[in-house]
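To start, the structure under review is shown below, and the notes come after it.
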């Protein structure tokens, strides 16, 4: 406060007062303090001001029936020697005091080497300062938009600085942090409800990552139900949804190990080696399975259907066909056995009848 107060006093019309004629007095209102200290409440401003008064660093003389007071920077060491030139105004800021002629003389607006200067009406930040801002991921358009406001603000205040580029750099970082905070506050303001859906930007990010749109759509009800049952209403739901879908998609892709995009079968399609290993475990003849490939390909090419995994469809086809073949063989064997049994019984009956007819035991 002491440093800014010294700058405020030098920006106002200086007057002398009989109580302490060796001090530079200026009239300041409560509005001046609130403008200079927007980050403090009125009670904080009064508290710090009283502290400076108690330390003897400033002198305040209220003006009756007005919200203003006379302010002056005081130096306790000057009480015994009033004629000694004071330099207390320069001490708080630790910078050389700007000559008063600078505030009114346009010739001093051009910065001199090693001296402070006012900001020019056509001031622009150098490319070095712009690049330094961009190192903090600040977009160049955002930087350029802040220049007119920055120049207008400091020209109205009429203050001099040694490096306007450095002041602009700090201003840009502050405004960028505020912008990021505003975006975060907007995101947190979104509510989770039964009708919640991810934004178009969130869906676009996921689709660009190669995630199937149907997979994203199917995951929305589960995501909404999960967070509603946990009782959470406000949150960065788009960000959480993107993270959730990416994790689920990674698990899904890893569990199947293939691209699940539905596609038509190719004329030269061949099952993978994994298919034949699975068929071997099921004790299905590999040659039999290979002999069915042309029939399988021709059938699905004619149907013009698309499937996510032709290997899976082929395994199901071979297993079903193999089971059908085994059933036919079993039925044929059973029929042959029954026929053999019937033939044997008939022959036995004929033989027994012949033996009865040809029986000559009675003649013996």
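The values are calculated or read from the model by the stated rules, or taken from the named source; none is laboratory data. Computed from a predicted structure; not experimentally measured. In this analysis, Cβ positions are derived from the backbone assuming ideal geometry, glycine residues included, and neighbour counts consider all displayed protein chains.
Before moving on, here are some points about what is shown:
- Residues located in region 194-237, provided they are part of a loop (DSSP other than H, G, I, E, B) and in contact (Cβ under 8 Å) with a residue 24 or more places away in the chain: 194, 196, 198, 199, 209, 211, 212, 232, 233, 235, 236
- Any chance residue 199 is touching a helix residue (DSSP H, G or I) at 6+ places or on another chain (Cβ under 7 Å), loosely packed, with under 11 Cβ neighbours inside 10 Å, more than 24 Å from residue 8 (Cα to Cα) and at pLDDT 85 or above: no
- Residue count for region 154-164, restricted to those that are surrounded by 12 or more Cβ atoms within 10 Å (Cβ to Cβ) and not in a loop (DSSP other than H, G, I, E, B): 5
- Among the residues making up region 253-272, those that are modelled with pLDDT of 85 or more and exposed (fewer than 10 other Cβ atoms within 10 Å of the Cβ) are 267, 268.
- One residue from 142, 150 being within 20 Å of the chain's Cα centre (by Cα), modelled with pLDDT of 90 or more and part of a helix (DSSP H, G or I): 142
- Subset tally (residues that are free of Cβ contacts under 8 Å to residues at least 12 places away in the same chain and in contact with a helix residue (DSSP H, G or I) (Cβ under 9 Å, 6 or more places away or on another chain)) for region 300-311: 0
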